[in-house]
Amino acid sequence: MADYPTPPSFTPPTAPLPIQPIERPRNWPTTVGVISIVLGGLGALSGCWGIVSPMFMGAFLELMPPGQTQGLGAMTEHVGLISGLGAAGMVVATLLLIAGIGMVRRRPWSVSASRWWAVLKMLFVVVQTALGAVMQKEMIEEMTKNDPNVAAMGTGFMSAMFIVGYALGLLWGWAYPIFLLIWLSRGKVKEEVASWPQDATAPPPAARPM
């Protein structure tokens, strides 16, 4: 009978092998992206309504009872401005919508798009607030001139109420842009964004908790 060589003996390791943790990307892009998609979609719809709403303003005034249209006449003089603000708001909101979709898919360009949106949104809110204040001032003047009850109330009180409302609107309009600018400037966020795929066709990496 032929002699076969004896196979070498194998001794299993006695010490456990070190386990290398698998680093998976965090899921904050999904959270931030979904918020951007929702706000961008709602903003785009609001902008569309701002574009078409002045077309129905004349019909709306005709449906109102006589004597209750004080102040609204001033708004009919700014239908072009109202439509322009609606169009600008729709464009800005669409940028946020696109940035949110890219953020969910973890595309590096979504970070730059989000920053651009934040700056444009803050400027748009300032312009919108300033123009709204001008139109509101004209409305108050017309109401004071045509309605003695409003004149007795005083324009100072009404102006103060509108100023508070515009200030709150300005803060609310700046809240999410400021959050994005601060969040996307964090060092850990920049490091993770640098690991995102540059190829637009590459699948997004799996996520892990924030």
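Derivation of every value follows stated rules applied to the coordinates shown; laboratory data play no part. The structure displayed is predicted, hence computed values, not measured ones. FYI the Cβ positions are ideal-geometry reconstructions off the backbone, even for glycines, and counts take in every protein chain you see.
Quick notes on this structure:
- For SER53 and ARG26, the difference between the fully extended length at 0.36 nm per residue and the C-alpha to C-alpha distance is 5.5 nm.
- Per-peptide average of other Cβ atoms within 10 Å, ordering 29-37, 188-196, 176-184 highest first: 29-37, 176-184, 188-196
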